[in-house]
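The values are calculated or read from the model by the stated rules, or taken from the named source; none is laboratory data. Values in this document were obtained by computation on a predicted structure and should not be read as measured data. Here the Cβ positions follow ideal geometry from the backbone for every residue, glycine too, while neighbour counts run over all protein chains shown. To get the accessible areas, we keep the full protein, side chains included, count just its heavy atoms, and leave off ligands, DNA and RNA. Shrake-Rupley method; radii C 1.70, N 1.55, O 1.52, S 1.80 Å.
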Amino acid sequence: PKQLVSAINEIWSADFVADALFDGRRLRALTVVDNYTRECLAIEVGPNLKGEDVVRTLMRITAGRGKPRTMKSDNGSEFISKAMDRWAYENGVELDFSRPGKPTDNAKVESFNGRFRSECLNAHWFLSLDDAKRKIETWRQYYNEVRPHSALNWATPAEYARRTRKAAQLHASTEPEISRTDRD
């Protein structure tokens, strides 16, 4: 069943996108998206990314942001690897795999990947792996900080995340320290 997301870090989605450098050498990009804020948390670029690379990317993200409750992905070998299973177990993260042949099970990242392809990958020639990493990271920052998103009431993903965090802090600061039931 479709999961509704109602908070930051509740559900992250991950997937791979394939492309090539100008000379035809293969290029893969791991995309990780927070389903609530629509923020692109990372785009890891390399010629051949494996499960260990996925885990390394997730560890880098969680070091500064915290962990997701659930991680959605397809059944690719990188996501069903022992490294990924161990990371999820050790961090208390539920792995939610989409059904084979059902990309709509992971619609948020599939939608993001479509925008990534049309706005970045199809718009640039990548002369080297380093050139691809620079151009893709520049686009990721643009996507998060500048590009408005219709599903976020035309806010950027970063602005939506800031508003959400601010509202949560405000809500937490206005709650009484001792609830009525605690006093009885």
inquiry  = Take Thr156 and tell me if it is touching a helix residue (DSSP H, G or I) at 6+ places or on another chain (Cβ under 9 Å), surrounded by 15 or more Cβ atoms within 10 Å (Cβ to Cβ) and within 17 Å of Tyr36 (Cα to Cα).
reply    = yes
query = Does any residue of region 122-129 turn out to be open to solvent by less than 90 Å² (accessible area, probe 1.4 Å), at positive phi and at pLDDT 95 or above?
reply = no
ask   = What are the residues in region 43-54 that are in a helix (DSSP H, G or I) and surrounded by fewer than 20 Cβ atoms within 10 Å (Cβ to Cβ), if any?
value = Gly51, Glu52, Asp53
request  = Of all residues in region 26-61, count the ones that are charged (D, E, K, R) and either in contact (Cβ under 8 Å) with a residue 24 or more places away in the chain or within 15 Å of Ser73 (Cα to Cα) (or both).
outcome  = 6
ask   = Across region 73-115, what is the number of residues that are in a strand (DSSP E or B) and open to solvent by 70 Å² or more (accessible area, probe 1.4 Å)?
value = 2
query = Which of the residues that make up region 57-71 are touching a strand residue (DSSP E or B) at 6+ places or on another chain (Cβ under 8 Å) and either open to solvent by 20 Å² or more (accessible area, probe 1.4 Å) or in a strand (DSSP E or B) (or both)?
reply = Arg60, Arg65, Arg69, Thr70, Met71
ask   = Quick one: is Asn75 without any contact (Cβ under 8 Å) to a residue 40 or more places away in the chain, under 30 Å from Arg25 (Cβ atoms) and under 18 Å from the mean Cα position of the chain (by Cα)?
value = yes
inquiry  = Pull out all pairs, ordered by first then second residue, where Cβ-Cβ is under 9 Å, the residues are six or more apart or on different chains, the first lies in region 96-125 and is under 18 Å from Glu78 (Cβ atoms) and of a type in the set (Gly, Ala, Ser), and the second is open to solvent by 60 Å² or more (accessible area, probe 1.4 Å) and modelled with pLDDT of 90 or more.
reply    = Ser98/Asn75
Checklist (1) over 28 Å from Arg134 (Cα atoms); (2) of a type outside the set (Gly, Ala, Ser); (3) touching a Pro at 6+ places or on another chain (Cβ under 8 Å) applied to Glu94, failing item = (3)
request  = From the list Ala168, Ala132, pick out the single residue that is in a helix (DSSP H, G or I) and either closer than 21 Å to Asn9 by Cβ or open to solvent by 90 Å² or more (accessible area, probe 1.4 Å) (or both).
outcome  = Ala168
remark   = The lone condition Phe22 fails out of (1) closer than 19 Å to Thr104 by Cβ; (2) outside any strand (DSSP E or B) is (1)
